[in-house]
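Participant: After the structure tokens below, expect a handful of questions from me.
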Amino acid sequence: MKSDRLRRRHATAKIFRLLCAAVAWAGVVILAVLLFHVTREGIRWLDFQFLTEFPSRFPEQAGIKSALWGTVWLITLTAAISIPVGVAAAIYLEEFSPKNRLSQLIEVNIGNLAGVPSIVYGILGLVLFVRFLALGRSVLAGSLTMTLLILPVIIIAAREALRAVPDSIRQAAFALGATRWQAVRAQVLPVALPGILTGVILALSRAIGETAPLVMIGALTYVAFVPEGPMDAFTALPIQIFNWASRPQEDFHQLAAAGIIVLLVTLLLMNATAVWIRQRAERTGR
Amino acid sequence: MPQASTAKSLQAGASTRKYRTREELIRFVLFLCAFLSVLTTLSIIAILAWEAYSFFREVGVFDFLAGTRWTPLLEPRSFGVLPLVAGTLQIVVGASLIAIPVGLASAIYLAEFASSQVRRVLKPVLEILAGIPTVVYGYFALTFVTPLIAGIFPSTQIFNAASASIVVGIMVLPMTASLCDDALRAVPESLRQGAFALGATQFEVTLRVVLPAALSGVMASFVLAASRAIGETMAVTLAAGATPRMTLDPLQSIQTMTAYIVQVSLGDTPVGTVEYQTIFAVAALLFTITLGMNIIAQRVLARFREVYE
Amino acid sequence: MNTLTKSEAPISSTQQPRPVLEVVEVTIRYGEKPAINKVSLSIPQHRITAIIGPSGCGKSTLLRAFNRMNDFIPNVKMEGQILYMGSDIYVREVDPVEVRRRIGMVFQKPNPFPKSIFQNVAWGPSINGFTRNLEARVEQSLRRAALWEEVNDRLHESALALSGGQQQRLCIARALAMEPDVILMDEPCSALDPVSTARIEDLMFELKERYTIVIVTHNMQQAARVSNLTAFLENGSLVEFGETDQVFTRPRNKRTEEYVTGRFG
């Protein structure tokens, strides 16, 4: 027979379990509410014209052409700089670095950099790239700032991907008289590539949504043109959303929502690509 | 004599020297890429230190750190940073009130109760929540959460700490949940088995055995979440307002350190003036606080991992 | 065992062919603990030398010292000399990469690259600048590894689709493509079924015509079947080294006798 005490204990356990479950599923509810709210507010403004018009004082004429192209420029350039540098750094730390003080310092430092608030990167970009290197408020200055911001993320992800490559592959390469670099380039890197790509895409999708550093380097100006080179001024999607959201009028809030839909769809596509790459690699690999 | 030629050819010949040089060159380039991270940190520290130094030549360190009035852009000017710190603290406390219990409970559910199918649904949802840009959360706070609060408390201002706290809490929730989940899952299965064998219920095992064993990892995740909340910028800029003030009322407009930096950089404050230098002083404070918290949390986590790995 | 002191020493005095590898008073430590303790032996050309001993006796460590694969393990320290064709491979001027190009290795578990069969065999020669007649070289290596007949119609398919035994022969072909003098085999059959094992053992007989083979094995029957010479290691020390027949039928040392007759420990 169950004692009262035991019954009480089981009841507590059950309540606790239900409570945890309810709270955990709350995340799903929040996500659903957020997506529903944004869609309801913004869908009305989302048409072809919204994508092809420049921003305007008049809500019904406003679009995100310059912001969209600014983001495309910014992310392309950021990817072009951050991927090679980040992967190279990861290769050094995972495959080359001797186990000494300096390597340890670099490792700890990367961990700490990942936790530095993005606005601090904005200040770094403002002083270092915009002013000191006199790049001005250009796409290049923005991309360099974003590069520094997402490098720790890329490095950490790429290192994980490299670490997952079985050591037997390195051993086989070395036993054939390969140098470290030959082994890494021809054998280790191809195996790690899907993992690295996944990490890179996730890092870049973070860069797409980052606003604060761009605000700091002064990307929040009225830009009614599409950048044509890395030295051109630019605006970006999250900046445009911030701009519209910070205005008092309801119409601009709804424009912001429409911009958010475009931003979230872009992020969704990138994440889906990352998941697809990961699954494909799992299927073809061992 | 073949032996002599072997001896020689094992040594670095002309071709060997060539690839050795190439190998060294590649190694050096790779090293530079890794070292760039150290340079980044040094640049941040150098810039903040240099600019803050010129600020503190004009304003006393004590006046800055202990002053209770922050009006650098208005006459009479005053450079007491405490109102910004208080505003930031209000957001952090508010966000923690959401992120800590919800994050921990979600983690307990994920680590101790949930089946692998449920994990496969919930984990990606948390990842998506973590991947939503902060400006979107700012918009959500302003256009959804604030009207909701105002519906309950009519005295709510359009910009208020509560709304910003809630969305910042939602933002750091995935990180808290995933770090707590890692910590709980690091606790060896044998500990749970031992407790179950003594006739404990799942609740007792979780609360009396697993949680205490994972405590330092869980605490570290709280610190990291708080540090993230301190550095959060766009949501608080959009939703919490631009009124530096020391208040405990979450329904009033406040200003955080990060929001102040954005405000100045958006305005037309002339570069080089002491008003402009304030952003570096505030950023230096922000950087010091978050870095300190991160270092502490990383240390705790490192020690925690050592125990179980 | 008196001929292996100096590289200049005449080698004609024994009936064994001249030594390819000579181990002189080698001690290898992981940190403080010696894994190999003052071992000396010499490995003759075109013979199969087996290194046997209980697990943890250091046989793999010794084998990996021959092509400097221990370089990749942190905290490994070596004293003594290992001579390849009379020259010390551990002196500063010697490039370990050059050593590995002459002394190939086959590992315990088949570890083909996740690429095509052709690429697996061709990669070694191509990184070393042998790009002419690569097809012929790949074919020759696969033939010597007794794999050509089984794979010649699917050279460009993934090596991972091969069976375990085929994968191991591919790894042997991969090593042969470098045209090494010596092939080190680290328990090459321990992950294989008996049929695959027999094929690899047959293959080793053919290969010794051209190559010097050193094999580490925990399987005494295998050592007895395939090798010409056997070295018995225990706790990092060389207990006995001699003709395989002699070691297995008339061991000089009590410990060896106990081990080979299975009355060990």
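Participant: Would you mind giving the average projected area, over all directions, of the Cα convex hull of the range B:154-197 in nm² with one decimal?
Facilitator: 5.1
Participant: In addition: Roughly how far apart, in whole Å, are the Cα centres of the range C:145-209 and the range C:56-122?
Facilitator: Spelled out, the Cα-based centre of one part sits 18 Å from the other.
Participant: Of A:Leu176, B:Leu36, B:Val81, which is farthest on the positive side of the dipole of the protein assembly as shown, counting Cα position, with +1 on Lys and Arg Cβ, -1 on Asp and Glu Cβ, and the Cα centre as origin?
Facilitator: Among A:Leu176, B:Leu36, B:Val81, the one farthest towards the positive end of the dipole of the protein assembly as shown is A:Leu176.
Participant: Semi-axes, largest first, in whole Å: what does sqrt of 5 times each Cα gyration tensor eigenvalue give for the range C:11-150?
Facilitator: Numbers: eigenvalues 177, 72, 52 Å².
Working from the Cα gyration tensor, I get semi-axes of 30, 19, 16 Å.
Participant: For the range C:33-111, which semi-axes, largest first and in whole Å, follow from the square roots of 5 times the eigenvalues of its Cα gyration tensor?
Facilitator: Values: eigenvalues 67, 54, 44 Å².
Taking √(5λ) for each Cα gyration eigenvalue gives 18, 16, 15 Å.
Participant: Also, quick follow-up: Could you state how much accessible area is buried at the A-B interface, both sides summed, with a 1.4 Å probe, in Å² to the nearest 100?
Facilitator: Working: alone 16630 and 17590 Å², together 27840 Å².
For chain A against chain B, roughly 6400 Å² becomes buried.
Participant: Take C:Lys254, B:Lys123 and sort them by solvent-accessible surface of the protein heavy atoms, 1.4 Å probe, largest at the top.
Facilitator: Working: C:Lys254 130, B:Lys123 50 Å².
Ranked from most to least accessible, the order is C:Lys254, B:Lys123.
Participant: Okay, moving on. Calculate the translational D of the range B:154-309 in whole µm² s⁻¹ from Stokes-Einstein, where the hydrodynamic radius comes from the Kirkwood formula applied to all Cα pairs, the temperature is 4 °C and the viscosity 1.567 mPa s.
Facilitator: Numbers: Rh = 18.2 Å.
Answer, rounded: 71 µm²/s.
Participant: In units of 2.2 N^0.38 Å, what is the alpha-carbon radius of gyration of chain B?
Facilitator: Details: Rg = 26.1 Å, N = 309, 2.2 N^0.38 = 19.4 Å.
So chain B has a normalised radius of gyration of 1.34.
Participant: Binning at 10 angstrom from zero up to the longest distance, how are the C-alpha pair distances of the range A:143-186 distributed in percent?
Facilitator: Per 10 Å bin, starting at 0, the Cα pair percentages come out as 25, 35, 26, 14, 1.
Participant: Taking only the alpha-carbon positions of the range A:4-45 and ignoring solvent, what does the Debye formula give for the base-10 log of I(q)/I(0) at q = 0.33 Å⁻¹?
Facilitator: One equal scatterer on each Cα of the range A:4-45 leads to -0.97.
Participant: Using a 1.4 Å probe on the protein heavy atoms, what percent of the accessible area of chain B belongs to carbon and sulfur? If you can, show how the numbers build up before the last one.
Facilitator: Numbers: 9040 of 13810 Å².
The C+S portion of the solvent-accessible surface of chain B is 66 percent.
Participant: Going through the range B:103-208, which GluC sites (Glu not before Pro) have at most 14 other Cβ atoms within 10 Å and a DSSP loop state?
Facilitator: Working: sites: B:Glu112, B:Glu127, B:Glu189, B:Glu204; in loops: none.
Here no loop site has a sparse enough neighbourhood.
Participant: Also: Out of B:Ser178, B:Leu285, B:Thr206, whose Cα points farthest toward the positive end of the dipole of the protein assembly as shown (charges: +1 Lys, Arg; -1 Asp, Glu; placed on Cβ)?
Facilitator: Final value for the positive-end residue is B:Thr206.
Participant: Mind checking the range A:51-115 for trypsin sites (Lys or Arg not before Pro) that DSSP puts in a loop (not H, G, I, E or B) and that have at most 11 other Cβ atoms within 10 Å?
Facilitator: On the way: sites: A:Arg57, A:Lys65, A:Lys99, A:Arg101; in loops: A:Arg57, A:Lys99.
Sites meeting the loop and neighbour criteria: A:Arg57, A:Lys99.
Participant: For chain C, give the share of DSSP beta bridges that are antiparallel, in percent and rounded to the nearest 5; count only bridges with both residues there.
Facilitator: Values: 25 of 42 bridges.
The antiparallel proportion sits near 60 percent.
Participant: Next up: Any idea what log10 I(q)/I(0) is at q = 0.07, 0.09, 0.10 Å⁻¹ for the protein assembly as shown, Debye with uniform C-alpha scatterers and no solvent?
Facilitator: Each listed q maps to, in turn, -0.70, -0.98, -1.09.
Participant: Reported to two decimal places, what Rg/Rh ratio describes chain C when computed on Cα atoms with Rh from the Kirkwood expression?
Facilitator: On the way: Rg = 18.3 Å, Rh = 19.0 Å.
Value, to two decimals: 0.97.
Participant: Measuring from the lowest to the highest alpha carbon on each principal axis, how far does the range A:34-120 reach, largest first, in angstroms?
Facilitator: Each principal axis gives a Cα extent; for the range A:34-120 these are 61, 27, 22 Å.
Participant: At a Cα cut-off below 14 Å, give the aspartates and glutamates reachable from C:Lys208, other chains included and same-chain residues fewer than 8 away excluded.
Facilitator: Those aspartates and glutamates meeting the cut-off are C:Glu179, C:Asp181.
Participant: Taking each residue of B:106-112 in turn, how many C-beta atoms of other protein chains fall within 10 Å of its C-beta, and what is the average?
Facilitator: Numbers: counts 7, 3, 7, 10, 2, 1, 3.
Counting other chains' Cβ atoms within 10 Å and averaging over B:106-112 gives 5.
Participant: Could you pull out the trypsin sites (Lys or Arg not before Pro) across the range B:49-148 that fall in loop regions by DSSP (anything but H, G, I, E, B) with no more than 10 other Cβ atoms inside 10 Å? Intermediate results must be reported in sequence, preceding the final value.
Facilitator: Details: sites: B:Arg57, B:Arg69, B:Arg77, B:Arg119, B:Arg120; in loops: B:Arg57, B:Arg69, B:Arg77.
For trypsin sites (Lys or Arg not before Pro) across the range B:49-148 that sit outside H, G, I, E and B with at most 10 neighbouring Cβ atoms in 10 Å, the list reads B:Arg57.
Participant: For the range A:231-284, with the dipole built from +1 on Lys and Arg beta-carbon atoms and -1 on Asp and Glu ones, taken about the Cα centre, which of A:Ile261, A:Ala245, A:Ala274 lies farthest toward the positive end?
Facilitator: Positive-end residue among those listed: A:Ala274.
Participant: For the range A:49-284, take N as its residue count and report Rg(C-alpha) divided by 2.2 N^0.38 Å. Walk me through the numbers before you get to the answer.
Facilitator: Values: Rg = 20.3 Å, N = 236, 2.2 N^0.38 = 17.5 Å.
Rounded to two decimals, the normalised Rg is 1.16.
Participant: Give, rounded to the nearest 20 debye, the magnitude of the charge dipole that the protein assembly as shown has about its Cα centre when Lys and Arg contribute +1 at Cβ and Asp and Glu contribute -1 at Cβ.
Facilitator: On the way: 78 positive and 65 negative charges, 310 e Å.
Taking the Cα centre of the protein assembly as shown as origin, the dipole is about 1480 debye.
Participant: Further, regarding this structure: Beyond a 20 Å Cα-Cα separation, which of these cross-linked pairs lie in this structure: A:Lys99/B:Lys18; A:Lys99/C:Lys109; C:Lys38/C:Lys59; B:Lys18/C:Lys115; C:Lys33/C:Lys77; C:Lys59/C:Lys109? Show your work: numbers first, answer last.
Facilitator: Working: A:Lys99/B:Lys18 26 Å; A:Lys99/C:Lys109 28 Å; C:Lys38/C:Lys59 13 Å; B:Lys18/C:Lys115 28 Å; C:Lys33/C:Lys77 10 Å; C:Lys59/C:Lys109 16 Å.
Correct reply: A:Lys99/B:Lys18; A:Lys99/C:Lys109; B:Lys18/C:Lys115.
Participant: For A:Phe36, tell me the accessible area in Å² from a 1.4 Å probe, rounded to the nearest 10.
Facilitator: Near enough 130 Å² of accessible area.
Participant: Compute the Kirkwood hydrodynamic radius of the range A:165-242, taking the inverse of the mean of 1/r over all pairs of distinct Cα atoms, and give it in Å to one decimal.
Facilitator: Values: mean 1/r = 0.0623 Å⁻¹.
It works out to 16.0 Å.
Participant: Follow-up question, since we're still on this one. Within a Cβ distance under 12 Å of C:Arg102, other residues only, what is the Lys/Arg minus Asp/Glu net charge? Each step should come with its number before you reach the end.
Facilitator: Working: positive: C:Arg68, C:Arg100, C:Arg101; negative: C:Asp95, C:Glu98, C:Glu179, C:Asp181.
Summing Lys and Arg as +1 and Asp and Glu as -1 gives -1.
Participant: Okay, moving on. Can you compute the charge dipole magnitude of the range B:82-308 about its Cα centre, using +1 on each Lys and Arg Cβ and -1 on each Asp and Glu Cβ, nothing else charged? Give it in debye, rounded to the nearest 20.
Facilitator: Working: 11 positive and 11 negative charges, 90 e Å.
Here the size comes out at about 440 debye.
The values are calculated or read from the model by the stated rules, or taken from the named source; none is laboratory data. Treat the numbers as computed from the prediction; the structure is a model and nothing was measured. Cβ: placed from backbone, ideal geometry, glycine included. Neighbour counts: every protein chain shown. Surface accessibility is based on the protein's heavy atoms, side chains included, excluding ligands, DNA and RNA. Shrake-Rupley method; radii C 1.70, N 1.55, O 1.52, S 1.80 Å.
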